[in-house]
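The next block holds one structure in the form of structure tokens; read it before the comments.
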Amino acid sequence: MKVYYNLTELNEEVKASIRNIGFSSDMLNDKGLGRMFSEVFKKVLRYNPKSKSWYCYNGMVWKEDLEELSAKYFAKIFSDELLAYCEELSLDAKTMAKVQGLSSMSKRNTIINDARCECPLEMDELDADINLLNCKNGTLNLKTFELQPHNADDLLSKITNVKYDPHAKCE
């Protein structure tokens with residue numbers, strides 16, 4: 001999942017992710033919803049058990065999600081898109097009532113809490129590759145001196161304050 005600044009694009013990606021998971025009504029319990037939430041957002045949101053906080057990828061670096069604001073925001077989008085998807089499936093009234101219940105903050109908080117163990121982010125995973133230098137315009141591979149696009153999978157939490165320029169002259 002890429003980082004979105006357009007809510008419509010984000011909603012479409014979440015909807016597509018829910019479809020790809022292969023949703024079934026037996027997933028509508030805390031454990032199933034936590035797993036589904038984690039699967040949908042694992043490229044941009046992961047929990048660190050040591051710091052007891054979520055980390056969110058902002059398109060360039062992983063940052064601590066203070067007060068779980070990103071996690072809570074993503075949970076709202078998740079519940080809205082899951083409801084929209086379930087309405088398309090024409091599920092029975094009992095199942096739809098369960099899905100509609102996800103609009104409550106307490107239920108979304110339960111999903112967030114249950115998702116914590118699904119895709120943990122350990123502190124020693126962050127910035128582990130010493131051959132990657134995160135710059136404003138991409139990630140520089142110090143072995144090949146190739147600039148690659150920022151990538152959540154690189155697990156970088158720090159960034160330089162410069163843009164890499166391979167043609168820069170030292171004077």
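The values are calculated or read from the model by the stated rules, or taken from the named source; none is laboratory data. Please read these numbers as outputs of a predicted model, since none were measured by experiment. Note that we place each Cβ from the backbone using ideal geometry, even for glycine, and neighbour counts take in every protein chain shown. Each accessible area value is taken on the protein alone, full model and side chains, heavy atoms only, with ligands, DNA and RNA left out. Shrake-Rupley method; radii C 1.70, N 1.55, O 1.52, S 1.80 Å.
Given H placed 1.01 Å from N in the peptide plane, which residues other than close sequence neighbours of ASN137 have an amide H under 5 Å from its amide H?
Those lying under 5 Å, H to H, from ASN137 are TYR164.
Over the range 116-170, average the accessible area per residue using a 1.4 Å probe and give it in Å², no decimals.
69
How large is log10 I(q)/I(0) at q = 0.15, 0.19 Å⁻¹ when the Debye formula is applied to the Cα atoms of the range 83-148, each weighted equally and without solvent?
Cα-only, vacuum Debye calculation for the range 83-148: -0.70, -0.80.
Charges on Cβ only, +1 for Lys and Arg, -1 for Asp and Glu, centred on the Cα centroid of the chain; of TYR164, TYR55, PHE23, which one is farthest towards the dipole's positive end?
Checked the options; the winner is TYR55.
Counting pairwise Cα distances across the range 117-158, what percent come out greater than 13 angstrom?
52
Let's test the formula: R0 of 25 Å, r as the Cβ-Cβ distance of CYS117 and ASN58. What FRET efficiency results, to the nearest 0.05?
0.60
Report the convex hull volume per residue for the chain, counting only C-alpha atoms, in Å³.
Once divided by residue count, the hull of the chain is 127 Å³.
Please check which bits of the range 49-93 a label hung off ASN161 would reach, taking the label as a point 7 Å along Cα-to-C-beta and the cut-off as backbone N under 18 Å.
61
Loop-only trypsin sites (Lys or Arg not before Pro) in the range 24-133, please: DSSP not H, G, I, E or B, and at most 14 other Cβ atoms within 10 Å.
Of the trypsin sites (Lys or Arg not before Pro), the ones in loops of the range 24-133 whose Cβ has at most 14 other Cβ atoms within 10 Å are LYS50, LYS52.
Ignoring ligands, DNA and RNA, what percent of the 1.4 Å accessible area of the chain is carbon and sulfur?
The nonpolar share, carbon plus sulfur, comes to 51 percent.
May I ask you to give the solvent-accessible area per residue for the range 8-78, in square angstrom, as obtained with a 1.4 angstrom probe?
Heavy-atom SASA per residue in the range 8-78 reads 49 Å².
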